[in-house]
């Protein structure tokens with residue numbers, strides 16, 4: 001992060017420096033051009049105002065104008081060139097001195113004299129020319145026509161070294177300010193990055209511990225951390241909570257499944273050992289052992305099928321929805337279920353409507369609810385009833401169909417109603433497993449409801465027993 005911010009700052013400052021540097025040079029050159037044009041125009045105007053101007057009178061007027069604005073004070077070189085007659089200037093030495101300065105020799109003076117003679121050549125407009133001692137000059141010359149037809153060139157010049165010095169000052173100040181700004185930006189980025197990275201490092205360390213198998217640690221961030229870090233930490237902790245719950249449920253599921261399978265296997269092994277130790281084996285013993293083993297094998301087969309069904313319930317092809325007419329579907333299903341037990345089977349209200357669901361899975365869920373009611377009611381006069389109704393429209397679903405299977409049995413205590421749909425859960429742990437099943441029937445109902453986008457719930461029935469509600473949308477969700 002710090003490197004990225006530093007690189008961005010360097011590029012930004014470099015681009016800004018180039019723009020400012022060039023803009024400064026352009027602006028100074030424009031100002032210099034305006035000043036030179038103004039000074040040359042004033043000198044040219046003085047010459048134009050002469051009556052019957054001749055080369056000599058023009059030179060004299062130019063000398064008077066130049067002496068009034070000495071070069072040392074005005075910092076502007078004023079000059080007038082009359083070809084064939086001479087020059088006038090506020091800095092005559094530039095146009096070729098006859099003697100060298102104290103620190104110059106004659107060879108150097110000859111070079112400067114040659115440069116000065118080049119300045120005597122008229123160059124109308126703006127031009128860059130090398131001048132003795134002052135370096136490169138920017139000159140501007142205007143031509144003035146005299147009465148005798150000759151032309152006088154009035155000009156002004158100034159060294160461009162001042163512009164270079166100004167740009168150098170801008171460069172030095174900008175580099176200094178840029179270095180300070182870059183240092184402050186890097187320091188601020190380092191501090192901000194450290195504050196942001198600290199909780200992320202803690203999350204990384206926590207993730208490494210979790211990867212090692214320990215899911216107990218949780219992420220704690222200081223109150224001063226950013227909102228995004230708090231959201232990340234909360235989501236991370238919620239994920240760990242769900243992961244812990246999933247592991248606990250998996251361990252419980254494996255333990256319960258192992259226990260459910262261990263019991264029939266123990267019975268089968270015990271019966272086989274008993275049969276092996278009996279000599280001679282009678283036909284009655286063989287029939288008894290065969291019946292016991294077949295019952296236990298059937299029980300293990302049902303348990304295995306239920307486990308496979310629960311494992312498949314989250315697959316995308318678990319459901320095959322199709323239109324179902326509610327009244328004939330429920331009536332046929334309940335008539336078939338009434339043949340399996342001696343109970344008072346009733347069919348309550350059934351609205352005349354059609355829903356879209358998997359008929360096999362829906363029938364399986366309703367049979368499981370009916371079988372659960374049969375197990376908890378008395379023979380002959382025990383009540384097993386089914387009703388269906390169309391629930392009002394909710395925010396989540398346009399329409400819900402509720403199937404209610406009720407009985408007049410002992411019912412379910414309020415604290416147990418939310419758990420009866422868990423795998424291997426029994427409201428009465430002391431109840432024999434042969435009578436109560438493996439505890440997967442209602443879990444299968446919950447899985448089928450979830451696959452349809454619905455839900456299940458338990459409450460007290462009007463007859464005083466349990467009422468199991470299966471709510472399904474009329475149109476299952478698209479997967």
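The values are calculated or read from the model by the stated rules, or taken from the named source; none is laboratory data. Only a predicted model underlies this, so the values are computations on that prediction, with no experimental measurement involved. As a convention, Cβ positions derive from the backbone with ideal geometry for all residues, glycine included, and neighbour counts pool all protein chains shown.
So the values come out like this:
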item: Options 266, 278; residue that is under 22 Å from residue 425 (Cα atoms) and either touching a strand residue (DSSP E or B) at 6+ places or on another chain (Cβ under 6 Å) or free of Cβ contacts under 8 Å to residues at least 12 places away in the same chain (or both); result: 266
item: Criterion (under 24 Å from residue 28 (Cβ atoms) and at pLDDT 80 or above) met by exactly one of 160, 180; result: 160
item: Criterion (more than 45 Å from the chain's Cα centre (by Cα) and in contact (Cβ under 8 Å) with a residue 24 or more places away in the chain) met by exactly one of 327, 291, 271; result: 327
item: Single unsatisfied condition, residue 268 versus (1) within 30 Å of residue 472 (Cα to Cα); (2) crowded, with 17+ Cβ neighbours inside 10 Å; result: (1)
item: Given (1) in contact (Cβ under 8 Å) with a residue 24 or more places away in the chain; (2) under 17 Å from residue 89 (Cβ atoms), index of the condition residue 42 fails; result: (1)
item: Residues (at negative phi, surrounded by fewer than 18 Cβ atoms within 10 Å (Cβ to Cβ) and assigned to a strand (DSSP E or B)) located in the range 121-145; result: 126, 127, 128, 129, 130, 136, 143, 145
item: In the range 274-285, the residues that are assigned to a helix (DSSP H, G or I) and either touching a helix residue (DSSP H, G or I) at 6+ places or on another chain (Cβ under 7 Å) or more than 25 Å from residue 261 (Cβ to Cβ) (or both); result: 275, 283, 284, 285
item: Test: residue in the range 90-108 that is at pLDDT 65 or above, assigned by TED's automatic domain parsing to the domain that holds residue 153 and loosely packed, with under 12 Cβ neighbours inside 10 Å; result: no
item: Qualifying residue in the range 327-336 (condition: under 23 Å from residue 452 (Cα atoms) and loosely packed, with under 12 Cβ neighbours inside 10 Å); result: yes
item: Output for the range 279-295, where each listed residue is at pLDDT below 80 and either surrounded by 11 or more Cβ atoms within 10 Å (Cβ to Cβ) or on the phi > 0 side of the Ramachandran plot (or both); result: 281, 285
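Residue-by-condition table, conditions (1) outside the structural domain of residue 11 (by TED's automatic domain parsing); (2) closer than 25 Å to residue 8 by Cα; (3) exposed (fewer than 13 other Cβ atoms within 10 Å of the Cβ):
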| residue | (1), (2), (3) |
| --- | --- |
| 147 | no, no, yes |
| 156 | no, no, no |
| 163 | no, no, no |
| 184 | yes, yes, yes |
| 191 | yes, yes, yes |
| 198 | yes, yes, no |
| 206 | yes, no, no |
| 215 | yes, no, no |
| 223 | yes, no, yes |
